[in-house]
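These notes are about the structure you will find just below.
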Amino acid sequence: MITYNGFYDEALEFVRLENIQIVGSMNPNVTIGRHKLPSRFTSIVRIFSISYPSDDQLKLIYSTFLKGILSSTMGKHPKWSLSANVYQLAQSMVALYSQVQTKFSRDTYGHYMFTPRELTNWCLSLFRYNLTELKNDSSTDSLLQVWASEACRIFQDRLVDDESRKTFIGLLTSVLQDEWRSGGLVAKLDDSYYITWVNATASSSAGRLPPFGKVLECVKPDFIENLLVKAINRFNAENYEIRALPFRELLDNISKFDRVLTAPGGSLLLCGRSGVGRRTALAISSSMNNMKIFTPKINRSYGVKQFKNDLKLVMQQAGIEGQQMIILLEDHQLVDPTFLELVNSLLSAGEIPGLYNPEDL
């Protein structure tokens, strides 16, 4: 197409292209799932390389982000209305991000790839918290606790072992202590959970999600335990019986699942051994948010065609009927590599090219 301005179709007719420019965007070939481009191809195209911003540029970018977010939610706060404090918060974000990049490299685990996208998500996720309630607190600690909680979800949840997670907590504590003299805030995170269904029942939490996701409220462990017992009883009455006790690990998982699944396009990759309670936590979290779980029913004849039909049904329920849907895929269900390509398109672009023919549309 690029060399000869056209291509041969299936009937071996040459289709000529005119007045069309092809622009491709891609990650470096060191990224997982990428492959090196042949030099024969790169020699005939114009290549434009964009590097990541420097730390000083990142501080400027994200202080501007934060200034807009905090002025709209905490505009008259005695501390957060000051530009110097907002810039210092951005500086703390970039400092923690740089330390995480240095400490946890892709040489250790392939998915330890942290980019400025994490900083953007960190800023935008502040919209999910009820910051207007913090206006009465004249100190910086209330917002810093929310800020630290989001840092744990964005960075810590990706780390694979307890030692790495402890190292991250050490980095976060030192940044808070050095920049804000608030190192003790991290210990408070163990006694608080951020969930969306504090005042909501399953019937009232259906429908379209807000632009940044449902509002997260801070609750204590004993409060979420009481809610959880009621949720489990209701789930057993409406669906199938699950045997679950509200112990610490289940509370942790449900609050983490809840945060991701109540954000638009939220997705989870759940790694772990069989029997550790991932499906139980997902079932309870989806029930509390009135979401339906769909999982493919695999048989000998199940293939790409059947998987596409299942995806069509799920997308119609979500798009036309307005039902919040969760697609649960387990490793034994990925019987064809094409399944991963379809899911990747859905996650990255929100659609699957060619899934619907013109008549269906």
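The values are calculated or read from the model by the stated rules, or taken from the named source; none is laboratory data. Note that the structure is predicted; figures quoted are calculated from it, not measured. Note that each Cβ is placed from the backbone with ideal geometry, even for glycine, and that neighbours are counted across all protein chains shown. Heads up: the accessible areas ignore ligands, DNA and RNA and are worked out on the full protein's heavy atoms, side chains in. Shrake-Rupley method; radii C 1.70, N 1.55, O 1.52, S 1.80 Å.
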Regarding segment 1-141, what are the three Cα extents along the principal axes, ordered largest first, in Å?
-> 73, 37, 25
Mean separation of Cα contacts under 8 Å (6+ apart) over length of the chain, as relative contact order % | 11
Assuming R0 = 25 Å, can you tell me the calculated FRET efficiency for the pair residue 107 and residue 161, based on Cβ-Cβ distance, to the nearest 0.05?
-> 0.95
When the charge dipole of segment 5-64 is computed with +1 on Lys and Arg Cβ and -1 on Asp and Glu Cβ about the Cα centre, the Cα farthest towards its positive end, among 45, 8, 58, belongs to 58
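Quick check: from the Cα gyration tensor, does segment 281-361 come out rounded (a/c under 1.5), prolate or oblate?
Oblate shape, in that a/c is at least 1.5 and b/c is the bigger or equal ratio.
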Obtain the nm distance between the two label points defined at residue 43 and residue 267 by a simple spin-label model: each point lies 7 Å from its Cα along the Cα-to-C-beta direction.
-> 3.7
Whole number in Å², please: accessible area per residue of segment 233-308, 1.4 Å probe, ligands, DNA and RNA not counted.
-> 61
For residue 294, other-chain or 5+-apart residues with amide H closer than 5 Å (H placed, Pro excluded) are 326, 327, 328
Accessible area (Å², per residue) of segment 1-105, counting only protein heavy atoms and a probe of 1.4 Å | 77
May I ask you to derive the FRET efficiency for residue 300 and residue 10 from their Cβ-Cβ distance with R0 = 25 Å, giving the value to the nearest 0.05?
-> 0.20
Nearby lysines by direct alpha-carbon distance to residue 59 (threshold 16 angstrom, same-chain neighbours under 8 apart not counted) | 67
Taking a quarter of the surface of the convex hull around the Cα atoms of segment 209-360, what do you get in nm²?
-> 10.6
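Rounded to a whole number, what % of the accessible area of segment 286-361 do carbon and sulfur atoms account for, probe 1.4 Å?
On segment 286-361, the fraction of accessible area on carbon and sulfur atoms equals 51 percent.
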Taking a ≥ b ≥ c as the square roots of the Cα gyration tensor eigenvalues, with a/c under 1.5 meaning rounded and otherwise prolate when a/b beats b/c or oblate if not, segment 89-233 comes out prolate
Relative contact order, percent, segment 203-299 [alpha-carbon distance under 8 Å, six or more residues apart] = 37
Reachable aspartates and glutamates from residue 230, Cα under 19 Å, same-chain residues fewer than 8 places away excluded?
-> 217, 222, 238, 241, 249, 252, 258
Given the Cα-Cα distance of residue 349 and residue 56 and 0.36 nm per residue of separation, how much length would full extension add, in nm?
-> 102.4 nm
Protein-only accessible surface order, largest first, of 149, 25 at 1.4 Å | 25, 149
Taking 0.36 nm per residue of separation and subtracting the Cα-Cα distance, what length does fully extending residue 34 through residue 276 add?
-> 83.9 nm
To the nearest 0.05, how large is the calculated FRET efficiency for residue 139 and residue 71 if R₀ is 22 Å and r is the Cβ-Cβ distance?
-> 0.70
Of all accessible heavy-atom area on segment 240-279, the percent that carbon and sulfur account for (1.4 Å) | 52
Ordering 194, 52 by how much accessible area each has at a 1.4 Å probe, largest first, what is the list?
-> 52, 194
